[in-house]
């Protein structure tokens, strides 16, 4: 095989896609840490980091350098291997989950049809849930292996919380699967073509499923108001109390990538993914113009939900632990079951 | 390509399985078991059974193992002490019995292995085809298992419930 052949083979294209998505995610993580600090500052009527670079935009790089320089502390009596493994377990499943998210349509480059999704799997949604489900190990193991009471309680809380909120999350997605009849994210997005009222958020029981998904998503990513695993007021920093330097940063990286995945999954399932949301006749012919518009639509939608995450974090106070469990088991779970049943009725009435 | 991936995951499966039984720390054993389950799921995916593979990760690694880990952590089990040090009898006969078993098992697998493997049919192992089989061919076993699960769930709730006095 010649060089051009190797560079355009399926394996090479997969490598390009993985590399592209990976660098985009890492870039977004660093931008998000800046956005979080700046937006929180604006919400609290202060300035936030604004010294490094224009508007403080180089702050994430300064943070990164600081994290690398810090001493890597391993507590005495800690279970060493698990302690070292936990931060990696926070990042890897989060990255894997993003593999099935379609970020653009099927494009043709140099006569080769390429789907803008890393892994176009028939059971793609299951893949996403499998990967996010493994994310809980990072928190639990970090909490246990640190050999610290605060960490352990944080780890215990996280496992209870993530198991509880996985149910409404998956049930709200099941309602979408009833509507679409497929588990393949690419097909789900393609079905939502046309004007924005074809999006799944307006199908079945409008808005309810999306609302449940969003609330459960906040709990799954351990974001305020559900950030009990790291509740500072009670647990110092929860499961990552004992971590320092780059390992501490890895947990944050995992959290931000999880936020990204959760937003992207919500956008894909409910808000038309990369569909622009206007009637197809208004759009240009398939080509670079249309494709870049569609990718931009996806990025903008995800960016909005990223902003929403930050907005909610600095607006809503944290729930107490019993309130959290009550909301999950007595509020969200029955509501998502009702949503599933009602969606089933709507789907039957509307016919196939 | 597939063969290399299979050997990598097979090695992972065996290594993690050995870790599960040899490690004296219950949490480390549980984590090794979780690794084992994920690696087996990967082998399922290599065999075109993606639905089973993904469910394996979601149900076993994502839910059941987390619950087991949760319980182990709540009980705060530490390094397990050896109750009885193994005697000479065990030390000699144990490996010998394992060896004999491995030979018998290996011969049985080797003898029954087909010379060639057919390609999987289109759509094999997807959620759709597995679901269709479950609701047609295996309808009665499927319903029986659902009933069994509900009974055990009701039983668990009943046992855990506080007495209403």
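Every number here is computed from the coordinates shown, using simple stated rules; none is lab data. Remember, predicted model here, so these are calculated numbers, not experimental data. Ideal geometry is used to build each Cβ from the backbone, glycine not excepted, and the neighbour counts take in all protein chains shown.
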Between 0 and 90 degrees, rounded to the nearest ten: what's the tilt of helix A:136-145 against the longest Cα principal axis of chain A?
10 degrees
Helix A:59-69 vs. chain A, principal-axis angle (Cα, 0 to 90°, nearest 10)
50 degrees
In Å and on Cα atoms, what radius of gyration and Dmax does the protein assembly as shown show?
24.9, 83
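Could you grab the relative contact order for chain B? Cα pairs under 8 Å, six or more apart, rounded to a whole percent. Write out the running numbers ahead of the final one.
Working: 94 pairs, mean separation 32.1, N = 165.
Relative contact order here is 19 percent.
Counting other beta carbons within 10 Å of each Cβ, put A:329, A:291, A:199 in order, fewest first.
Numbers: A:329 14, A:291 19, A:199 23.
Fewest to most other Cβ atoms nearby, the residues stand as A:329, A:291, A:199.
Grab the Cα-Cα distance for residue A:18 and residue A:80, subtract it from 0.36 nm times how many residues apart they are, and report the gain in nm with one decimal. The partial results should precede the final answer.
Values: separation 62, 0.36 × 62 = 22.32 nm, distance 3.12 nm.
19.2 nm is the gain from fully extending residue A:18 to residue A:80.
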Quick check: pseudo-label points 7 Å beyond the Cα along Cα→Cβ at residue B:89 and residue A:51, how many nm apart are they?
7.5 nm
Arrange B:151, A:100 by Cβ neighbour counts within 10 Å, fewest through most, would you?
B:151, A:100
Need the C-alpha centroid separation for region A:101-127 versus region A:281-342, integer Å.
22 Å
Within a Gaussian network of chain A (alpha carbon springs, distance under 10 Å), most fluctuating of A:189, A:312, A:170:
A:312
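What per residue convex hull volume, in Å³, comes out for region A:36-78 when only alpha-carbon positions are used?
102 Å³
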Quick one: helix A:288-313 against the long Cα principal axis of chain A, what's the angle to the nearest 10°, folded into 0 to 90?
30 degrees
Would you compute, from DSSP H runs of 4+ residues alone, the mean residue ellipticity of chain A at 222 nm, taking -39500 (n - 2.57) per run and dividing by the full residue count, rounded to the nearest 500?
-21000 deg cm²/dmol
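Using the number of other C-beta atoms within 10 angstrom as an exposure proxy, rank A:137, B:60 with the fewest first.
Final ranking by Cβ density, sparse to dense: B:60, A:137.
Note down the relative contact order for region A:4-73 as a percent, whole number, built from C-alpha pairs under 8 angstrom at least six residues apart. Working shown, then result.
On the way: 32 pairs, mean separation 13.4, N = 70.
Averaging sequence separation for qualifying contacts and normalising by length gives 19 percent for region A:4-73.
Sort A:315-325, A:331-341, A:148-158 for me by packing, meaning the mean count of neighbouring Cβ atoms within 10 Å per residue, highest on top.
A:148-158, A:331-341, A:315-325
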